[in-house]
Amino acid sequence: MASVSRSFTRALRTAAPSFRAASTRSSARFAVPQQAFRHQSRRGYSSERNLPDGNPDVMLYGAGALLTLAAGYGLYTMNKEWFGEAAKKLQGPFVPKFEDYQQVYNSIAARLEERDDYDDGSFGPVLLRLAWHCSGTYDKETGTGGSNGATMRFTPEGSHGANAGLQSARDFLDPIKEQYPWITYSDLWILGGVCAIQEMQGPKIPYRPGRSDRDVSFCTPDGRLPDASKDQKHVRAIFGRMGFDDKEMVALSGAHALGRCHEDRSGYSGPWTFSPTTLTNDYYKLLLEEKWAWKKWTGPKQFEDVKTKTLMMLPTDMALVQDKGFRPYVEKYANDNEAFFKDFSDGVVRLFELGVPFTVAEDARWTFKSSFD
Ligand code: DDH
């Protein structure tokens, strides 16, 4: 620091004569403190006693500036973080914008296929399942449940039978949460679902942030998510409680084009389609076109395709072709992938927003760029 001050003083001393001449004389009012200051200053820097003649006022201002600089520099080096914080406070609280969420999206997308040994090579399906299981607890009568809160972080809800295996999705997203601490778990988990759908070549899923994390007291009771061993009455009761109609129930079920069942999670086994990491209307096509028979095994009752015995359907999946109200939608989506994408997107947007007290309007939703754009 001393050498910095010395160079600064030297620079002042050698300043152009015109500059020195231009500086005005100080008023008598400041004469005494100036003298005292000069005296002290000289005492402090003994090596600079033999200064050549110069304008004393300029010297004084120089010394003052130097001291201020020195104090500032000292403070800065002592506590750089404090300065960063102070600067942040001046700017106000960080309000994440579209670009910030797009960055989070990109970080999730970049990691989806990081582990070849995970299932079919993508975390996409399990991320979608996490987002759906957060949202699917919603009850329109009481306004409880839904994706606001991320209450699956807590033991009662996290250990509900229907949520078995979703720890892997939550673990996958944890480093992203560390990377972007400003995003809530509840917004992040839903963004994970949005990203999964788009990155598995599904339709765009417009998104709004605004979910906050809540404590354990907001966990929903067990039994709000569908039980795969049941029939259409059950499917209607569960999705009706969330406020969905037949068309939406069938459209949402098309998510089973993705992923698979795991014996160590649900007890069921196998994928629904031959391309479990790409979203297509194959789920509906296969439901209608393949022959299905009960799988002969000791596990829970499920269907397998007669031809290859590699695909599966749950009893609740089969209910969609058996029920007169559901079947026309299965046929429609099997014939028209665009219609499926449109209704799936609308249904998922509604599902992901159930029970969330947004402060921004529906038309302010964002659409993220995917890797395919
Ligand atoms: Fe599902 N689902 N789901 N599902 N689901 C399972 C896997 C996946 C039911 C039961 C199961 C939706 C609806 C229903 C996904 C998305 C969606 C598994 C297997 C069972 C069981 C879990 C395991 O063993 O790991 C039932 C019942 C219904 C119903 O509608 C009656 C909906 C609406 C969605 C959605 O996303 C909108 C996805 C994705 C998977 C694959 C997960 C994975 O790990 O792979």
Query - Yes/no for residue 230 being in a loop (DSSP other than H, G, I, E, B) and within 20 Å of residue 317 (Cβ to Cβ) - result: yes
Report summary line: Within segment 289-336, residues being in contact with a Gly (Cβ under 9 Å, 6 or more places away or on another chain) and among the aromatic types (Phe, Trp, Tyr) number 1
Report task. For residues that are assigned to a helix (DSSP H, G or I) and of a type in the set (Phe, Trp, Tyr), scanning just segment 265-285, find the one that is nearest to the ligand (Cβ to nearest atom). Result -> 283
Query - Pairs where the first residue, in segment 90-106, is without any contact (Cβ under 8 Å) to a residue 40 or more places away in the chain and the second is in a loop (DSSP other than H, G, I, E, B) and not polar (S, T, N, Q), C-beta under 9 Å, 6+ apart - result: 106/368; 106/369
Requested in this report: Could you identify the single residue in 296, 301, 204, 291 that is closer than 16 Å to residue 343 by Cβ, of a type in the set (Lys, Arg) and more than 8 Å from the ligand (Cβ to nearest atom)?
Outcome: 204
Query raised in the report: Listed residues 270, 355, 325, 347; which is over 25 Å from residue 158 (Cα atoms) and touching a residue at least 12 places away in the same chain (Cβ under 8 Å)?
Result: 325
**Report entry** Single match in 158, 145 (criterion: within 16 Å of the ligand (Cβ to nearest atom), without any contact (Cβ under 8 Å) to a residue 24 or more places away in the chain, touching a Lys or Arg at 6+ places or on another chain (Cβ under 9 Å) and assigned by TED's automatic domain parsing to the domain that holds residue 212)
**Finding:** 158
Report task. All but one of (1) touching a Phe, Trp or Tyr at 6+ places or on another chain (Cβ under 6 Å); (2) within 18 Å of residue 152 (Cβ to Cβ); (3) within 15 Å of the ligand (Cβ to nearest atom); (4) part of a loop (DSSP other than H, G, I, E, B) hold for residue 213, so report the exception by its number. Result -> (3)
Query raised in the report: In segment 335-354, what residues are surrounded by fewer than 20 Cβ atoms within 10 Å (Cβ to Cβ) and in contact with a Ser or Thr (Cβ under 8 Å, 6 or more places away or on another chain)?
Result: 337
Report summary line: Selection from segment 250-264 of residues within 7 Å of the ligand (Cβ to nearest atom) and surrounded by 19 or more Cβ atoms within 10 Å (Cβ to Cβ) yields 252, 253, 255, 256, 258, 259, 260, 261
Report summary line: Screening 271, 315 for residues that are crowded, with 18+ Cβ neighbours inside 10 Å, closer than 17 Å to residue 126 by Cα and not hydroxyl-bearing (Ser, Thr, Tyr) leaves only 271
Query raised in the report: Within segment 291-373, which helices (runs of 4 or more DSSP H) (wholly inside it) include 1 or more residues that are farther than 28 Å from residue 141 by Cβ and outside the structural domain of residue 267 (by TED's automatic domain parsing)?
Result: none
Query raised in the report: For segment 172-194, what are the residues that are away from the ligand (no atom under 13 Å from the Cβ) and part of a helix (DSSP H, G or I)?
Result: 173, 174, 175, 176, 177, 178, 179, 185, 186, 187, 188, 191
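Scan 307, 301, 295, 342 and give me the residue that is touching a residue at least 40 places away in the same chain (Cβ under 8 Å) and in contact with a Lys or Arg (Cβ under 9 Å, 6 or more places away or on another chain).
It is 301.
The values are calculated or read from the model by the stated rules, or taken from the named source; none is laboratory data. Keep in mind the model is a prediction, meaning the values are calculated, not measured. Cβ coordinates were reconstructed from backbone atoms using ideal geometry, including for glycine residues, and neighbour counts include every protein chain displayed.
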